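Worksheet: one structure, shown below.
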Amino acid sequence: MALIKKPLLFLILLGCTLQAVQPKRSVRCPSTCSCTKESVICVGSSSIPKSLPSDISSLSLVNGTFSEIRERIFTHLPTLQLLFIEGNKVETISKYAFRGLRNLINLSLANNHIKTLPRDIFSDLDSLIELDLRGNMFECDCKAKWLFSWLKMTNSTVSHVLCSGPSDYQGKKLNEVASFDAECITTDFIDHQSLPYQSVSVDTFHYKNDVFVAIAQPSMENCMILEWDHIEMNFRIYDNITGQSIVGCKAILLDDQVFMVVAQLFGGSHIYKYDESWAKFTKFQDIEVSRISKPNDVELFQIEGETFFVIADSSKAGLTTVYKWNGKGFYSYQSLHEWFRDTDAELIEIDDKYHLVLSSRSQVPLILQWNKITKKFTPHSDIPNMEDVLAVKSFRMKDELYISLTRFIGDSKIMKWNNNQFKEIQALPSRGAMSLQPFSFKDRYYLALGSDYTFSQIYQWDVEKKIFEKFKEIYIQGPRSFTAVSTDRRDFLFASSFKGNTQILEHVIVDLSL
């Protein structure tokens, strides 16, 4: 598209001498420039003149040696309509360089050394019709994202903006780039709240449009219930269940009722029920001590409309047991096996069949399958060559099933279900690890790997490489669990600590173009 033609009045003679056309009135003109009543033309200037007539409508700065346009340098020229800064060595332009030029209709920055422009540099140019950026080679990276968006929205006529890099865009026009979202939008985990107590597990549940978190604190002998405060935007104490060496708090929601399974190392485990009239949890029933000796994990699941939970028992004298809701309470439904020091249980649906994976300190993970006829779990297979697994967690990406296996000594593993077995796709160095937790926020998949000996790691799934890559280091003293919690369109990661404060990190979207 053609630019507005410059009047003959603006023809430039070589050098910086006075033009043949004499000023129609007396104006103060820099010695290196030519002036008329309406215009100033400067050739070969080493800087932008500061003393210019305030009522001119046109300014040309050409073939100079200056490399910077500073902020508010033209604010004393409110009537300026045409501004040509061409053939200079401009590399840097302040975001506020053109502040106040609301009558400017034509701006040319052609043939300079401009690689990037600050965000919203043209926001004050309400009357702009023509913009010439030819002869500059722009870096079409995240810093150019705003310009890419502005070019699509502006009503001004703009010359083609050519890219000098990165290599994928070299020689292309900026407005031909598909999108900057993949390159310029990333995420981070930032500190949100520190809870001044130790913990070993965290569970979350929704009740009547509110979000709650149950935290097991064995040293304080508490199961603390936190509620999200929509005004203060923090998690605050809502209730507290006391006990003896509590290692797990698991919420169960049934018919608008809330139950809390409280697993204890001493004094037996119990189930509490939320009493709405008192706004507190009160004891509902006991779990027999003869079956559960040293609980290590509580897993809730539903099969065929029935509600179950299983407690993995890590004592040789204990029995990993499945409990079932019968309408009035929970009763022991099936003892899975004994003498195996189970550390974790995870229900997985494979090929429309339910399977329960039990990890153990004394054998490889065992896979049990739900029998639809007997309505019990029966041994099915195992995961070979994976001794001493502390925890097993399942997750899905693009409808494909994966599991994470946590090991304190040796490498932890990520495995993928491949028709008839789990196949290893990645090993993660994990000396001192007690937790390898998969979770996802906003279509991004992560792993949180806790370590007793070094910094904990957050990994992010690389779609192209098909593996998890290190994303961020976090410092948690004696991490024991990681739990994802979402509320008010915000995402949080609770990191329980056996030796320090429980940390709450917020998952945030970061626009690198800002």
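The values are calculated or read from the model by the stated rules, or taken from the named source; none is laboratory data. Quantities reported herein were computed from a predicted structural model and do not represent experimental measurements. Glycine also receives a Cβ, built like all others from the backbone with ideal geometry; neighbour counts cover every protein chain displayed. Please note that ligands, DNA and RNA were not included when accessible areas were found on the heavy atoms of the full protein model with its side chains. Shrake-Rupley method; radii C 1.70, N 1.55, O 1.52, S 1.80 Å.
From largest accessible area down, sort THR154, THR307, THR242; use a 1.4 Å probe on the protein chains.
THR242, THR154, THR307
Within segment 364-449, report the GluC sites (Glu not before Pro) that DSSP leaves as loop and that have at most 16 other Cβ atoms within 10 Å.
GLU387
Run the 1.4 Å probe and let me know the accessible area of ARG444, rounded to the nearest 10 Å².
Probe radius 1.4 Å; accessible area of ARG444 about 60 Å².
Taking only protein heavy atoms and a 1.4 Å probe, what accessible area per residue, in Å², does the chain have with all protein chains in place? Don't skip to the answer; put the middle values down first.
Numbers: 24970 Å² over 514 residues.
Ligands and nucleic acids excluded, the figure is 49 Å² per residue.
Which FRET efficiency value, to the nearest 0.05, do you get for TYR197 and HIS113 by plugging their Cβ-Cβ distance into 1/(1 + (r/R0)^6) with R0 = 60 Å?
0.55
Measuring from a point 7 Å past the Cα of PHE266 along Cα-to-C-beta, which residues in segment 241-258 have an amide N at less than 18 Å?
Output list for this probe position: 242-248.
Test of the criteria: in segment 224-319, which trypsin sites (Lys or Arg not before Pro) are in a DSSP loop and have at most 16 other Cβ atoms within 10 angstrom of their Cβ? Walk me through the numbers before you get to the answer.
Working: sites: ARG236, LYS250, LYS273, LYS280, LYS283, ARG291, LYS316; in loops: ARG291, LYS316.
Those that pass, being in a loop and sparsely packed, are LYS316.
Compute the relative contact order of segment 399-484 as a whole-number percentage, counting only Cα pairs closer than 8 Å that sit 6 or more residues apart in sequence.
Averaging sequence separation for qualifying contacts and normalising by length gives 21 percent for segment 399-484.
Alpha carbon centre of segment 223-302 versus segment 92-124: separation in Å?
61
Describe numerically, in nm with one decimal, the distance between label points set 7 Å from Cα along Cα→Cβ at ARG102 and at ASP256.
5.9
Please arrange LYS470, LYS173, LYS324 by accessible surface area, largest first, computed with a 1.4 Å probe and ligands excluded.
LYS470, LYS173, LYS324
Enumerate the calculated ³J(HN,Hα) couplings along segment 68-82 in order (Karplus 6.51 cos²θ - 1.76 cosθ + 1.60, θ = phi - 60°), each rounded to whole Hz, writing x wherever the residue is Gly or Pro.
9, 10, 7, 5, 6, 6, 10, 5, 8, 10, x, 9, 5, 10, 10
What figure, in Å² to the nearest 10, do you get for the accessible area of PHE281 with a 1.4 Å probe and non-protein molecules left out?
20
Give me the one-decimal nm value for the distance between modelled label points at ARG70 and SER47, 7 Å along each residue's Cα-to-Cβ direction.
0.7
Hey, what do the phi angles of segment 181-197 turn into as Karplus ³J(HN,Hα) couplings, whole Hz, using 6.51/-1.76/1.60 and θ = phi - 60°, x for Gly and Pro?
4, 5, 7, 9, 9, 10, 9, 7, 10, 10, 5, 10, 7, 10, 9, x, 7
What figure in square angstrom, to the nearest 10, would you give for the accessible area of PHE205 with a 1.4 Å probe?
Accessible area, nearest 10 Å²: 20 Å².
Given a 1.4 Å probe and heavy atoms of the protein chains only, how would you sort ARG341, ARG431, ARG489, ARG72, largest accessible area at the top? Don't skip to the answer; put the middle values down first.
Numbers: ARG341 90, ARG431 165, ARG489 230, ARG72 115 Å².
The ordering from most to least exposed comes out as ARG489, ARG431, ARG72, ARG341.
Express the relative contact order of segment 364-514 as a whole percentage, based on alpha carbon pairs under 8 Å and six or more residues apart in sequence. Present the calculation step by step, with values, prior to reporting the outcome.
Values: 343 pairs, mean separation 17.8, N = 151.
Result for segment 364-514 is 12 percent.
Sort 479-487, 87-95 for me by packing, meaning the mean count of neighbouring Cβ atoms within 10 Å per residue, highest on top.
Peptide ranking by packing, descending: 479-487, 87-95.
What relative contact order, as a whole-number percentage, does the chain give when Cα pairs under 8 Å and 6 or more residues apart are counted?
Dividing the mean separation by the residue count of the chain yields 8 percent.
Only loop residues by DSSP count here, and only those with at most 10 other Cβ atoms within 10 Å; note down the GluC sites (Glu not before Pro) in segment 436-514 that meet that.
Details: sites: GLU464, GLU469, GLU473, GLU506; in loops: GLU464.
Those satisfying the criteria are GLU464.
Computed FRET efficiency, Cβ-Cβ of ILE237 and SER179, R0 41 Å: what is it to the nearest 0.05?
0.35
Using R₀ = 30 Å, calculate the FRET efficiency as 1/(1 + (r/R₀)^6) where r is the Cβ-Cβ separation of HIS337 and GLN421; round to 0.05.
0.90
Could you run the Karplus curve 6.51 cos²θ - 1.76 cosθ + 1.60 with θ = phi - 60° over segment 367-380 and give me ³J(HN,Hα) per residue in whole Hz, x for Gly and Pro?
10, 9, 10, 6, 8, 5, 7, 7, 6, 9, 8, 10, x, 10
5 Å is the cut-off here: which amide hydrogens, built 1.01 Å from N in the peptide plane, fall below it relative to ILE303, excluding neighbours closer than 5 in sequence?
For ILE303, whose amide H was placed from the backbone, the distant partners under 5 Å are PHE308.
Got a number for carbon plus sulfur as a percent of the chain's accessible area, 1.4 Å probe?
Of all accessible area on the chain, carbon and sulfur atoms account for 49 percent.
Each label point is 7 Å from the Cα along the Cα-to-Cβ direction; what then is the distance between the points at ALA317 and SER167, in nm?
6.6
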